[in-house]
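Contents: one structure, followed by commentary.
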Amino acid sequence: MQFIVWSDFFSTGINYIDGQHKKLIDIANDFHASVKNNANKSTMFSILNHLVSYAEEHFADEELIMRKAGVSAEHFEYHKDLHEKLTLSVFELNSELERGEPKTLHEIEVFLNDWLIKHILEEDRKMLPYSAKLKNYNPMMN
């Protein structure tokens, strides 16, 4: 059973961003599976490190798209700050896991669920008003 299941309700209307969100959910599901299967720490570290590197790439792309969309400077800075805080939180949880703190696996799963669900629904979906002109925008091609 998947930890987080993609729903069209999560859609921002921007295909590139939605594809990245699906990939982030896949990585979170990989972490959940590693916990359920009692994987070794190196496997869990590898998954979290992959999550961090992919999230950083996603955040950069999302911020580029937000600039292209013309979101207000205030909203852009607010959203960018959220991205920085999310990245720091994953690093902190990874450090706690490395120290062997027993509650950490559950905390990581709760964090991933909150981040992916709450951030996408409450923050990233604010891009919906811009989705018509950016539906097929790809920062790799433009």
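Do you know which of the residues in the stretch 1-10 that are in contact (Cβ under 8 Å) with a residue 12 or more places away in the chain and part of a helix (DSSP H, G or I) is surrounded by the fewest Cβ atoms within 10 Å (Cβ to Cβ)?
Phe9
Against the definition (touching a residue at least 12 places away in the same chain (Cβ under 8 Å) and closer than 24 Å to Met140 by Cβ), how does Gly13 come out, yes or no?
yes
Output the number of residues of the stretch 12-28 satisfying the condition of being among the polar types (S, T, N, Q) and either surrounded by 18 or more Cβ atoms within 10 Å (Cβ to Cβ) or touching a Ser or Thr at 6+ places or on another chain (Cβ under 8 Å) (or both).
2
Only one of these conditions is not met by Lys23: (1) over 19 Å from Phe10 (Cα atoms); (2) modelled with pLDDT of 90 or more; (3) under 16 Å from the mean Cα position of the chain (by Cα). Which number is it?
Failing condition for Lys23: (1).
Go through the stretch 37-79 and give me each residue that's of a type in the set (A, V, I, L, M), in contact (Cβ under 8 Å) with a residue 12 or more places away in the chain and in contact with a helix residue (DSSP H, G or I) (Cβ under 9 Å, 6 or more places away or on another chain).
Met44, Ile47, Leu48, Leu51, Val52, Ala55, Ile65, Met66, Ala69, Val71
For the stretch 33-83, which positions are under 20 Å from Trp115 (Cα atoms) and of a type in the set (S, T, N, Q)?
Within the stretch 33-83, Ser34, Ser46, Asn49, Ser53 meet the criteria.
Quick one: is Asp61 at pLDDT 90 or above, within 18 Å of the chain's Cα centre (by Cα) and of a type outside the set (Phe, Trp, Tyr)?
In short, yes.
Does the stretch 35-63 hold any residues that are closer than 19 Å to His21 by Cβ and either among the small types (Gly, Ala, Ser) or in contact with a Phe, Trp or Tyr (Cβ under 6 Å, 6 or more places away or on another chain) (or both), and which are they?
Correct list: Ile47, Ser53, Ala55, Ala60.
The values are calculated or read from the model by the stated rules, or taken from the named source; none is laboratory data. None of the values given here were measured: they were computed from a predicted structure. Cβ coordinates were reconstructed from backbone atoms using ideal geometry, including for glycine residues, and neighbour counts include every protein chain displayed.
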